Structure formats: C-alpha cells, structure tokens
Amino acid sequence: MPVYKNEKTGTWYAMVRYKDWTGENKQKCQRGFATRRDALDWESQFKLQQASDIDMTLESFYELYEKDVRPRLKENTWMTKQVIYEKKILPYLGKRKMSEITAKDVIDTCPYRRR
C-alpha cells in the first residue's frame, strides 16, 4: 500500500493506480492526511469505489449510496429517500444482484400498480 510521509510538511499522502471506466490506467494522489491510518483508510475506500461490481446486491449498493449521498443532502430530503428505499424497494429487490434486475422486475414489484 503506497502511503508516504512528506517530511517537509509532516503530513501523509497516498498514491493509487487504477483503471478508469474506459480501461485507461490512471494514478491518483491525495495529500494532507494527519496520520498514516487516515491515508490508508482513504486508499482502501477509493479502491472499493473503483472496483464497484455490478454483481453486488442492491442492499450493498444502497449502503455505498448512503455513505456517498447522505452527507450532501438536507436531513428531510434524505429521510424521504430512505423511506422510499427501505419500505418500497429493498423489501422486493434487496437480495437480488443488480445485474439481474430488469425493468420488468421493477414494474412488477410496484405495489401500487393497477393491473
């Protein structure tokens, strides 16, 4: 795990190599961590985000989504989204892999749909 200390400033930084969505090799550097542990945590989180796999369950995706989106939303907005996901979507599709969910599955699980 490439985490280094900048002796000049006394802070830590992490260097990560990854492939972007086009398959091109990229390198990312994040600087300014107070501790080595903070830099390692950032690196592991970045790798998890880049390795996102469509074979994860909808529940796993929802957890990642919550960590990413919740801090940027007002509390009332997040509570509305949370109710919709936890009461109306996750009970029907939560255990299924995202790659297996089709538009027909979403339409068929809607409890308010007129038939």
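Below is a table of values for the structure above.
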{"item": "Within-12-Å neighbourhood charge of Gln27 [Cβ basis; K, R +1; D, E -1]", "result": "+2"}
{"item": "Percentage relative contact order, the chain, counting C-alpha pairs under 8 Å, at least six apart", "result": "20 percent"}
{"item": "Leading residue at positive end of dipole, the chain (Cβ point charges), from Ile107, Trp42, Thr77", "result": "Thr77"}
{"item": "Fraction of the pair-distance distribution of region 1-81 above 17 Å, Cα-Cα pairs, percent", "result": "60 percent"}
{"item": "Solvent-accessible surface (1.4 angstrom probe) belonging to Arg36, in square angstrom, nearest 10", "result": "120 Å²"}
{"item": "Accessible area per residue in Å² at 1.4 Å probe, computed on region 1-102", "result": "76 Å²"}
{"item": "For the chain, size of Cβ-based charge dipole, Lys and Arg +1, Asp and Glu -1, in debye", "result": "260 debye"}
{"item": "Two-site FRET efficiency, Lys28 against Asp105, from Cβ-Cβ distance with R₀ of 30 Å, rounded to 0.05", "result": "0.25"}
{"item": "Listed residues Val106, Val16 arranged by accessible area, highest first, probe 1.4 Å", "result": "Val106, Val16"}
{"item": "Residue-averaged 222 nm ellipticity for the chain, from DSSP H runs of 4+ at -39500 (n - 2.57), nearest 500", "result": "-11500 deg cm²/dmol"}
{"item": "Separation of the Leu40 and Asn6 label points, Cα + 7 Å toward Cβ, nm", "result": "2.1 nm"}
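The values are calculated or read from the model by the stated rules, or taken from the named source; none is laboratory data. Fair warning: this is a prediction, and the values are worked out from it, not measured in the lab. For neighbour counting, all protein chains shown are included, and Cβ atoms are generated from backbone atoms with ideal geometry for every residue, glycine included. Quick note on the areas: whole protein, heavy atoms, side chains included, nothing else; ligands and nucleic acids left out. Shrake-Rupley method; radii C 1.70, N 1.55, O 1.52, S 1.80 Å.
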